[in-house]
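Peer 1: One structure, as structure tokens, below. Some questions next.
The values are calculated or read from the model by the stated rules, or taken from the named source; none is laboratory data. Computed from a predicted model, the values in this text were never measured in an experiment. All Cβ positions, glycine included, derive from the backbone under ideal geometry; neighbour counts span all protein chains shown.
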Amino acid sequence: MQKGQELKKVKGKKVTIVGLARSGVGAANLLSLIGADVTVTDIKREDELKSYIQNINKKVKLVLGSHPEYLFKEADLVVVSPGIPLDISPLSLARSNGVPVIGELELAYKITVSELNEEEPIINCNKGFLAVTGTNGKSTTTSATQRDAHP
């Protein structure tokens, strides 16, 4: 795949995930499961991320303590965990090299509707897709939305 083209499928592609933590583990494991070559990078050290590392698929590569440039230049896709500022220099480097940079919510949507997955859609989304984001109140909002949508 040439840089700058829209990434359609991730199987066999190099995906860099920025930020480990909870959602980074989930994204890495899911992408690995559907066949991507996944590397997670985090500025925190291994001893700070032990509880997350134990839940990561053994096929996922970890680069901890820094964000090496090659991970952003050579990737086919970069996925950014929530809480990571979108203006950090490694993400600018990826963009300047034509590498698509997306957030985890966009990743979840694209996999759900099979834009990045070679399988059939995971969920039939012909009625729409709703994402709840933010620092506080996600569980409350999600519960209220579910209750209102399915009385």
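Peer 1: Of all residues being closer than 27 Å to Gly12 by Cα and of a type in the set (Ser, Thr, Tyr) in the range 35-54, which is surrounded by the most Cβ atoms within 10 Å (Cβ to Cβ)? Just the residue, please.
Peer 2: Checked the range 35-54; the qualifying residue surrounded by the most Cβ atoms within 10 Å (Cβ to Cβ) is Thr41.
Peer 1: Would you check if there is a residue in the range 17-40 being of a type in the set (Asp, Glu), more than 24 Å from Pro85 (Cβ to Cβ) and at pLDDT 95 or above? Give the derivation first.
Peer 2: Going residue by residue through the range 17-40, those that are of a type in the set (Asp, Glu) are 37.
Right, trim to more than 24 Å from Pro85 (Cβ to Cβ) and you get 37.
Filter once more, so that each one left must be at pLDDT 95 or above: 37.
Yes - at least one qualifying residue is present in the range 17-40.
Peer 1: Are any residues in the range 11-22 crowded, with 20+ Cβ neighbours inside 10 Å and in contact with a helix residue (DSSP H, G or I) (Cβ under 8 Å, 6 or more places away or on another chain), and if so, which ones? So that I can check it myself, show each step before the final result.
Peer 2: Within the range 11-22, the subset crowded, with 20+ Cβ neighbours inside 10 Å is 15-20.
Result: Val15, Thr16, Ile17, Val18, Leu20.
Peer 1: Is it the case that Leu86 is loosely packed, with under 14 Cβ neighbours inside 10 Å, modelled with pLDDT under 95, under 24 Å from Arg22 (Cβ atoms) and touching a strand residue (DSSP E or B) at 6+ places or on another chain (Cβ under 7 Å)? Don't jump to the end; show me each part of the working.
Peer 2: Working: loosely packed, with under 14 Cβ neighbours inside 10 Å: yes; modelled with pLDDT under 95: yes; under 24 Å from Arg22 (Cβ atoms): yes; touching a strand residue (DSSP E or B) at 6+ places or on another chain (Cβ under 7 Å): yes.
Here the answer is yes, as Leu86 does meet what is asked.
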